[in-house]
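Q: Just passing along the structure, written as structure tokens.
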Amino acid sequence: MTELPQTPVQTNTTGHTRWVRISHWIVSVSFLTLAFSGFVILMAHPRLYWGEAGNNLTPALFELPISRNHQHSGWEKAVPFFQDPASPISANRTYQIFNQNGWGRSLHFLAAWFLVVPGAVYLLAGLFTGHFRRHLVPRPGELTPRLIGQDLKSHLRLRIRSATGGPHYGLLQKCAYSGVVFLALPLAVATGLAMSPTITAAYPFLSRIFGGFQSARTIHFFASLVLVLFLLVHVVMIIKSGFRRQMRAMTFGKIT
Amino acid sequence: MKNNQLLTRRKAMITGLASMGGLLLPGCSKKLPPTYGNILRMGDTLTYAAHRALLPGQSLAREYSHKDITSFPAIGTTNPGDPNKKPKPNETYRRLQSGAFADWRLSIEGLVTRPGSYSLAELKRFPSRTQITRHTCEEGWSAIGEWTGVPLSRVLDAAGMLPTARFISYYSYDDWVDSIDLFDALHPQTLLAYGMNGRDLPVPHGAPVRLRVETQLGYKSMKYLQRIVVGDKFDDGGDKGSIQNGWSWYAGI
């Protein structure tokens, strides 16, 4: 029942080209480092907000229970800045928080270079070699409810085609890769840049399009969450379709 | 044909990465902070070099309106003269605070033709600047406040900064040392701030004078200023500076 007929696609696969393989692995290592260091950074202040400003003295959009800083109450009595009753306040923090951002942030930004530079090379190469057009972006004719439903059904039953070692990809596979390459990763990079004080001073629109610094931080969090979920599904699919063959194909370009 | 193309592309990628590596080489330029061979510090330096090379000069950070002012946490040292402060309170600061900072003076030393010190009243006689800006903490929070002070560039001008100057180091009453390059020191929004939200700067926020560096993260905007030194070489501040405490010297990200 789990045996699927060998698809003819396997015989005429082009394999993964060298630049795809190199950029895939650089970005993979970079992304894992970014996810790990990003989590460490989030632990220093696990509260997320909307708008430009947000801190322990202002309401949060939500707060994640992932650090001892979660709902900590080490604050002295608040002092209002102005006379009116709705005045913003100042308060002194008395609590030693968990903060590993010294290395956490530097590691995050170092890893980001290895996402942004190879990522940009990959995008240019994908555009100019026709890789995106031929292999990655779903064809308009493919995007019908019937074909999507079919592919979705076979995925939900975990009937995954065995590895071909490269393109051509299935329909949902194309959608997932396109979503990551053209939406989630660029959004994570753009919202990351939108949090930089120097870059947003030079290019204020970066911050404005996301609704401010804290909004950019919140969107950055959700983009990362989507990418981590993609990674989990991606790894499950690799395992289901033949882990060793897939790893060989993405590393050496050959399936045998 | 196809293979040739791929090789060229691969070479281009490798060359690109190698030139990134070239920027990381430590100790090859006096303009860059030392990395001590630490890979994280190399990343910080790459970001610093890329910002200075690629971004347009001295753009202003966004300024907000009065209604945007938010609540503002005071973290780290909230009173250097607090008798309960660990390891020990700063007695000089306590004395100055009890005299409403009338005897406080900010000394300007190093590569200037007129080294000396400025009282709070003298700093207030300079043309002032008021700006409502966002304070962005490395922890992840942010707050908007109104700052009034004298642009650092005016005070450096008055002290007669020499053309060999490259970095401005600053020292605080709670025992920190940090520095910025001239690019940020001469930025129009870089202030010696003595007012916050329309009043004198409160003690938890750095009274009597703190630095405001609006193009970098909050920790560069040092509170409780004591001394400013103009130098021609990078000084990491030793064990009181950011680098040796494991933090990036450049926080413009």
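Q: Based on DSSP H assignment, which helices of chain B show an axial Cα extent of at least 20 Å together with a mean Kyte-Doolittle hydropathy greater than or equal to -1.0?
A: Taking the DSSP H segments of chain B (at least 20 Å long, mean hydropathy at least -1.0), we get B:2-24, B:39-54.
Q: Under a straight-distance cross-link criterion of Cα-Cα below 20 Å, which lysines are reachable from B:Lys233, leaving out those fewer than 8 residues away in the same chain?
A: Partners within reach: B:Lys30, B:Lys31, B:Lys220.
Q: Counting Lys and Arg as +1 and Asp and Glu as -1, each charge on the Cβ, what is the dipole of segment B:97-253 about the Cα centre in debye, to the nearest 20?
A: Numbers: 16 positive and 18 negative charges, 105 e Å.
The calculated dipole for segment B:97-253 is roughly 500 debye.
Q: Okay, next question. Could you work out how far helix A:145-156 tilts from the main Cα principal axis of chain A, as a 0 to 90 degree angle to the nearest 10?
A: Long axis of A:145-156 versus the principal axis of chain A: about 80 degrees.
Q: Across chain A, how many lysine pairs separated by 8 or more positions, or lying on different chains, have Cα atoms within less than 24 Å?
A: Working: A:Lys153/A:Lys174; A:Lys153/A:Lys240; A:Lys174/A:Lys240; A:Lys174/A:Lys254; A:Lys240/A:Lys254.
Here the count comes out as 5.
Q: Can you give the angle from 0 to 90° between the axis of helix A:243-252 and the longest principal axis of chain A, with both taken from C-alpha atoms, to the nearest 10?
A: Orientation of helix A:243-252: about 90 degrees from the principal axis.
Q: Search the structure for amide H atoms under 5 Å from the amide H of B:Val177, placed 1.01 Å from N in the peptide plane, and list their residues when 5 or more places away or on another chain.
A: B:Gly241
Q: With each run of n ≥ 4 DSSP H residues scored as -39500 (n - 2.57), what mean residue ellipticity at 222 nm is computed for chain A after dividing by its residue count and rounding to the nearest 500 deg cm²/dmol?
A: On the way: 9 runs with 132 residues, N = 256.
Mean residue ellipticity, 222 nm, calculated: -17000 deg cm²/dmol.
Q: Right, another one. Determine the sum of side-chain charges near A:Leu110: Lys and Arg each +1, Asp and Glu each -1, restricted to other residues whose C-beta is under 15 angstrom from that of A:Leu110. Before the final figure, lay out each step's value.
A: On the way: positive: A:Arg105, B:Arg41; negative: B:Asp44.
Its environment carries a net charge of +1.
Q: Okay, moving on. GNM, chain A, Cα, under 10 Å: largest mean-square fluctuation among A:Thr164, A:Thr14, A:Thr58?
A: Result: A:Thr58 has the largest fluctuation of those listed.
Q: Let me ask something else. Would you list which aspartates and glutamates come within 19 Å of B:Lys124, measuring only between C-alpha atoms, while excluding same-chain residues fewer than 8 positions from it?
A: Reachable aspartates and glutamates: B:Asp103, B:Glu146, B:Asp157, B:Asp200.
Q: Less than 10 Å Cβ to Cβ from B:Ser119, Lys/Arg counted +1 and Asp/Glu -1: what total charge do the surrounding residues give?
A: +1
Q: Considering the dipole of the protein assembly as shown built from charges on the beta carbon (Lys and Arg +1, Asp and Glu -1) around the Cα centre, which of A:Val116, B:Ile144, B:Ala61 is farthest to its positive end?
A: Going by the charge dipole, the pick is A:Val116.
Q: Using only atoms on other chains, find how many Cβ atoms lie within 10 Å of each Cβ of peptide B:60-70 and report the average.
A: Mean number of neighbouring Cβ atoms from other chains: 4.
Q: Hey, got the average number of other protein chain Cβ atoms within 10 angstrom for residues in A:114-123? Provide the component values of the computation, followed by the final result.
A: Working: counts 3, 0, 0, 4, 3, 0, 1, 5, 1, 0.
Average per residue, whole number: 2.
Bear in mind that the values in this text are calculations on the coordinates, not laboratory data. From a predicted model like this one, the values you see are computed outputs, not experimental measurements. When we count neighbours, we look across all protein chains shown, and the Cβ atoms used for this are built from the backbone with ideal geometry, even at glycine.
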